[in-house]
Amino acid sequence: MNDAVSIAKAIGEGKVTAVEVTQAALARIAAQDVELNCFTAVTRETALADAARIDREIAAGNDSGLLAGVPFAVKNLFDLVGLTTLAGAKINAENPPASRDATAVAKLKQAGAVLVGALNMDEYAYGFVTENSHYGVTRNPHDLQRVAGGSSGGSAVAVAAGLVPFTLGSDTNGSIRVPAALCGVFGFKPTYGRLSRGGVTLFSSSFDHIGPFARSVGDIATIFDILQGGDDRDPICTQRPANPTLPQLHQDISHIRIAIADDYFQKGATSAALAAVQQVADALNVTNYVTLPEAHRARAAAFVITASEGANLHLDKLRTRSQDFDPATRDRFLAGALIPSNWYIQAQRFRQWYRDRIREVFQNVDVILAPTTPITAPLIGQQTMILDGEEILVRPHLGLFTQPLSFIGLPVLSVPIQRPNTLPLGVQLIAAPYNEAFILQVAAVLEAQGVVSAVSPINYNSSP
C-alpha cells in the first residue's frame, strides 16, 4: 500500500484513476476483512460514485484537493451521512442514520478523500483491546490470535493491513496510540481542542481527542493540516488559526531539545519496550533524561475523571437497559457512577497542579520520548500479564504510559519502531500544547533514517 500523498499524486498525474484505486481498496477489504473484522460498514456504492466524480473533476482540469481519490475509513463513532453511528454499542444500532457528516469527515471529503466505511471499536470507546461483544473481535494483522489494541482497533488494523492508507480514530486515554503501537503504524493525538469533535460520539468530554492513523509522517502531517481550524459544532475546538506543519518537515532539528522520560516511564515496561525508546534516543543522539512528576497520580486521576464523565453520559441506559451493554463496559460505567463527587473534584484540582508542573518541564525540553505500551500485543482473551514480577490486568495497563499524557491534553505521536520479524512496538514523541510541529519534524528525521516506519504484516499482501 502506497502512502496517501503518493496515491493522490498518481491520480492527479493520470497514472491511475480514483475509481481504480477505490475498487482496489474495496477488493482488499472484501478479501481480508473476513478474518480481520475491522469494518462494521463498507460504503461501496457511495465510494465508487465519489471516486467517479473526482475523476471527472480531474479530467476537467479542476483542483480536487490534496487527497483527491485517496480511500479512507473512520472509527464508527464519527457521524457519516446515511449510516447509523454505532460507537461500538448494540443500543445505538436502533438510532436513525446520521443526516450530516462529522466535521473531520467533511473536511477530508472536501480535500478529495473517498470514504469507504466505518471501523470497529470498543463499546463507547471504553477499552484498549477492541474485543467487542456485539460486533466481534478485531484481530491484529501481525498475528490473528492477538488483539489490535483499542479503542480505535479497527482504525489501526485497516491501515496496518494495507486496506486503506489512512483512517481516523479517537483518543481518550490512549485509544489512538495503543493500537497504533500494537499494529505497527503511526498514530497521532494532537493537542486537546486542536481538532474538531463535531459529529463525534464522546466518551469523556474533557479528555476526548480525534486524530489520524497512517503509514508515513508526511501523511500524518497532511491530514492534520487539513483537519485544523475552529468549529462551532465543538465548543472546545479553539479558534486558534491553523498552523500548517508540512512545510516544516525535513528541516534541521538541532534546535529541538529532546529528552527521555525517566522514573515512571522506565518502570512497568518489558525490556523490549524500553529498548525501543533507546533505539530512538540513540538515533537522535539523546542522552539526557527528564522527569514528569507524579505521573502515577495523573494516571489515577485520569481513571477517576473518565469513569465519572463516561458513566454520567449513559446513566439512563444503565438504569433501563444494562443487559444490552458489553458486560466489561457496563461494569466499568457502573463503578464510575458510584465515584464520590469529592473524588472527582479533587482529581480535577490535581489536574491543574499537574498541568502547571508539566508546563515547567517543557521550559527546558521540546520533545520527550517514552514507551507507548509496556508490552507487545497480548493474546485475544488474555486477562493478565506479568510486569516487574507482578501479575496485573491486561486491559487497563495497556494505557500505562498514555494516560498521564492525555490527562492534560498534550500532543503525542506514536511512531512504529523497526523490529524485523517480531511483533510491533511504538514510542511516544511528546510535546507541549500546540507544538505538534516539533513532534512531526523529529518523526520525519527518524523516518528518513529508517528507524521508524510502518510495519507490513507478513501474512497480508499490501499491494498498491
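Got a sec? Which of ASN364, ASN342 is in a helix (DSSP H, G or I) and over 23 Å from the mean Cα position of the chain (by Cα)? Quick ask: steps written out before the conclusion?
Details: ASN364 fails: in a helix (DSSP H, G or I).
Of the residues listed, the single one that is in a helix (DSSP H, G or I) and over 23 Å from the mean Cα position of the chain (by Cα) is ASN342.
What are the pairs with Cβ atoms under 7 angstrom where one residue, in region 334-345, is in contact (Cβ under 8 Å) with a residue 12 or more places away in the chain and over 13 Å from HIS314 (Cα atoms) and the other, located anywhere, is of a type outside the set (Ser, Thr, Tyr) and open to solvent by less than 60 Å² (accessible area, probe 1.4 Å)? Sequence gap at least six, or different chains.
Qualifying pairs under 7 Å: ILE339/VAL304; ILE339/ALA307; TRP343/VAL304; TYR344/VAL304; TYR344/ILE305.
Among the residues of region 279-292, are any over 23 Å from ALA431 (Cβ atoms), open to solvent by 60 Å² or more (accessible area, probe 1.4 Å) and in contact (Cβ under 8 Å) with a residue 12 or more places away in the chain?
Taking region 279-292 first, the residues over 23 Å from ALA431 (Cβ atoms) are none.
Looking for residues that are over 23 Å from ALA431 (Cβ atoms), open to solvent by 60 Å² or more (accessible area, probe 1.4 Å) and in contact (Cβ under 8 Å) with a residue 12 or more places away in the chain, one finds none in region 279-292, hence no.
Hey, among SER151, SER155, which residue is touching a residue at least 60 places away in the same chain (Cβ under 8 Å) and assigned to a helix (DSSP H, G or I)? Even if it seems obvious, please write down each step before you answer.
On the way: SER151 fails: assigned to a helix (DSSP H, G or I).
Sole residue among the options that is touching a residue at least 60 places away in the same chain (Cβ under 8 Å) and assigned to a helix (DSSP H, G or I): SER155.
Inside region 191-221, can you point out the residues that are out of contact with any Asp or Glu (no Cβ under 6 Å at 6 or more places or on another chain), part of a helix (DSSP H, G or I) and open to solvent by less than 10 Å² (accessible area, probe 1.4 Å)?
ILE220, ALA221, listed by residue number.
Which members of region 257-276 meet the condition of being open to solvent by 10 Å² or more (accessible area, probe 1.4 Å), assigned to a helix (DSSP H, G or I) and within 24 Å of ALA298 (Cβ to Cβ)?
Passing the criteria: ASP263, TYR264, GLN266, LEU274.
Please find, within region 293-327, the residue that is most open to solvent (accessible area, probe 1.4 Å) out of those that are of a type in the set (A, V, I, L, M, F, W, C), assigned to a helix (DSSP H, G or I) and over 30 Å from GLN266 (Cβ atoms). It would help to see each step written out before you state the result.
Of the residues in region 293-327, the ones of a type in the set (A, V, I, L, M, F, W, C) are 295, 298, 300-305, 307, 311, 313, 315, 318, 325.
Now narrow it down to the ones that are assigned to a helix (DSSP H, G or I): 295, 298, 300-305, 307, 311, 313, 315, 318.
Right, trim to over 30 Å from GLN266 (Cβ atoms) and you get 311, 313, 315, 318.
Details: ALA311: 1, LEU313: 100, LEU315: 51, LEU318: 15 Å².
The residue in question is LEU313.
Say whether the condition of being closer than 29 Å to GLN363 by Cβ, at pLDDT 95 or above and crowded, with 23+ Cβ neighbours inside 10 Å is met by at least one residue in region 240-256.
No, the conditions are met nowhere in region 240-256.
Quick one: which of PHE72, PHE39, PHE78, PHE128 is open to solvent by less than 30 Å² (accessible area, probe 1.4 Å), under 18 Å from the mean Cα position of the chain (by Cα), closer than 25 Å to PRO235 by Cβ and not charged (D, E, K, R)? Outline the logic, then answer.
Values: PHE72 fails: closer than 25 Å to PRO235 by Cβ; PHE39 fails: closer than 25 Å to PRO235 by Cβ; PHE128 fails: closer than 25 Å to PRO235 by Cβ.
Selected residue: PHE78, the only one of PHE72, PHE39, PHE78, PHE128 that is open to solvent by less than 30 Å² (accessible area, probe 1.4 Å), under 18 Å from the mean Cα position of the chain (by Cα), closer than 25 Å to PRO235 by Cβ and not charged (D, E, K, R).
So GLY187 clears everything in (1) modelled with pLDDT of 95 or more; (2) part of a loop (DSSP other than H, G, I, E, B) except one condition, right? Which one?
Condition not satisfied by GLY187: (2).
The values are calculated or read from the model by the stated rules, or taken from the named source; none is laboratory data. Note that this is a predicted model, so its numbers are computed, not measured. Here Cβ is always computed from backbone atoms with ideal geometry, including for glycine, and neighbour counts include all displayed protein chains. When the accessible area is computed, the model is the full protein with side chains, heavy atoms only, and any ligands, DNA or RNA have been set aside. Shrake-Rupley method; radii C 1.70, N 1.55, O 1.52, S 1.80 Å.
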